[in-house]
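A short write-up of the structure that comes next.
The values are calculated or read from the model by the stated rules, or taken from the named source; none is laboratory data. Predicted model, so just to flag it, every value in this text is computed and none were measured. Cβ coordinates were reconstructed from backbone atoms using ideal geometry, including for glycine residues, and neighbour counts include every protein chain displayed. In case anyone asks, the SASA skips ligands and DNA or RNA and just uses the protein heavy atoms, side chains included. Shrake-Rupley method; radii C 1.70, N 1.55, O 1.52, S 1.80 Å.
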Amino acid sequence: MWEKMVADKIEGKTSPLHDWHMNHGAEMLWDDGYPWTVHQGGDPLLEYEAIRTGAGLLDLFAIFTYEIVGPAAADFIQRTFTNTVAGMKPGDVRYGAFVNHQGMLMDEGNVYRFAEDRFMIMVNAPRAIHQIKSYAEGLDARVIDRTDDYCMIGVQGPESEKILAPLVAGDLSQLKFFHFWPEPTTVAGRRGWVSRTGYSGEKGYEVWVEIKDALHLWEKLVAAGGVPYGVMAVDIARVEAGLLLIYLDFDLGTVSPWDLSLDRFIKLHPDCVGTEALAVYGKNPPKRLKTLVIEGDQVPEHQ
C-alpha cells in the first residue's frame, strides 16, 4: 500500500505541518497527491500506545473536505448518501457511504450540518465529489472545495480531553459523541472548530483550523503532552476497532456498503440513487466482510 501512495505524489503539495514532521524524523507518503505521515521517526508501536493510553496527535490535512451550501444542500447530499440527512440538526455529524445508482461505494465519510442550508462532507478521495455532483445536477446547491483551506488534527486517546480542554474556549465535557460545535470557537487562541469524532476506537476529538494556524495549534498540543503518530499506528488501532481503510479493505466502485457490513448506516432512503439496487443486493452480498470480536483487556472502547 505504501508504495502505491508514494507514487501518487503531486510536486509541491505538503501539509502546513510538513517542516515540523521532517525536523522530527518523520517518514511521509502521498495518497491522491496529499501527504500522510507514516511514522514520526521512532517506533510506531509506541505511537500506537499513545493512542491507547494517552493522547495521540494525527495530521489530517489529507482528508478531502467539501462545503455544500444552498437551499437544496440536504437534497444534494441525500442523493448519494446511504444514511439519513433529514432530521440532522446543526452540530450533528453522521457517518455513511456515498453510492452510485448501482449501489456501489463511491466513498465513505462524515457529514457535518452547520445550518439548514450549509453542510460539510469529509471523504477519502477527490474523485468521489465529481461523481456525487453528477447525480445532483439541477439541485440548487453549490460545492466549495475546502481541502486546502483547513488543516484537521486528530486528538485521540483516553487523555485527549485532558490535553485539549485547556486550549479550547468551550466546555468539552458537554460535547457528545458524533457532534461538533457549528459555530467557530477559540482553540489555542485561534479560530477553529471542534468535533467529537475520530478514527481510533478511543475517546477523541478532531479539531480543524485555517492553514495559517495549524502549526501553532500542533505545537501547543505537543507541549500539552500529545504524542504525534502516523498511519502505521493508525492501522493497528483501526483494525482493533473494526474500522475500514480505503485500498486495504475495499476499492472504490467495486463493493457495496452491504459487503463492508455497514448495515446500520444503510437506511434505503427513497431519494438516494442507489436505494433500489441496495434493496436487492443486500439480500445476498457476495463479498461480505465480517467483524471478529476479541475478548480481553486490550479491546478498545468505541466512544
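The protection proxy used here, the mean number of other Cβ atoms lying within 10 Å of each residue, ranks peptides 151-164, 170-183, 33-46, 237-250 as follows, highest first: 151-164, 33-46, 237-250, 170-183.
Per residue, region 94-189 exposes an accessible area of 43 Å² to a 1.4 Å probe, with every protein chain left in place. Backbone phi angles across region 51-65, fed through the Karplus curve with coefficients 6.51, -1.76 and 1.60 (θ = phi - 60°), yield HN-Hα couplings of 5, 7, 10, x, 9, x, 10, 10, 6, 10, 4, 7, 6, 7, 10 Hz in residue order; Gly and Pro are listed as x. With an 8 Å Cα cut-off and a minimum separation of 6 or more residues, compute the relative contact order for region 186-250 in percent. The normalised contact order for region 186-250 reaches 31 percent. Solvent-accessible area of region 60-173 (1.4 angstrom probe, protein heavy atoms only): carbon and sulfur portion equals 47 percent. Extending 7 Å from Cα along the Cβ direction at Ala279 and again at Asp32 yields two label points whose distance is 3.0 nm.
If each DSSP helix of 4+ residues adds -39,500 (n - 2.57) and the sum is divided by the residues in the chain, what number results at 222 nm, nearest 500 deg cm²/dmol?
On the way: 9 runs with 69 residues, N = 303.
Helix contribution divided over all residues of the chain: -6000 deg cm²/dmol.
Extension gain, His101 to Asp43, is 16.5 nm, computed as 0.36 nm per intervening residue step minus the present C-alpha separation. Once both labels are positioned 7 Å from their Cα atoms along Cα-to-Cβ, the gap between Leu289 and Asp148 label points is 3.1 nm. If you take the Cα centroid of region 122-201 and the Cα centroid of region 40-108, the two points sit 9 Å apart.
Remark on Leu260: its backbone amide H falls under 5 Å from those of Leu289, a criterion applied only to residues 5 or more positions apart or on other chains, H modelled at 1.01 Å from N. If both residues of a DSSP beta bridge must be in region 1-148, then about 100% of such bridges are antiparallel. The mean sequence separation of alpha-carbon pairs under 8 Å and at least six residues apart, normalised by the residue count of region 51-141, gives a relative contact order of 35 percent. Ligands, DNA and RNA left out, the 1.4 Å accessible surface of region 209-294 is 57% carbon and sulfur atoms.
3J(HN,Hα) couplings calculated from phi for region 188-195 with the Karplus curve 6.51 cos²θ - 1.76 cosθ + 1.60 (θ = phi - 60°) are, in sequence order, 6, x, 10, 6, x, 10, 10, 10 Hz; Gly and Pro show x. Against the longest principal axis of the chain, how steep is helix 214-223, in degrees 0 to 90 to the nearest 10, with axes from Cα atoms? Helix 214-223 sits at roughly 50 degrees to that axis.
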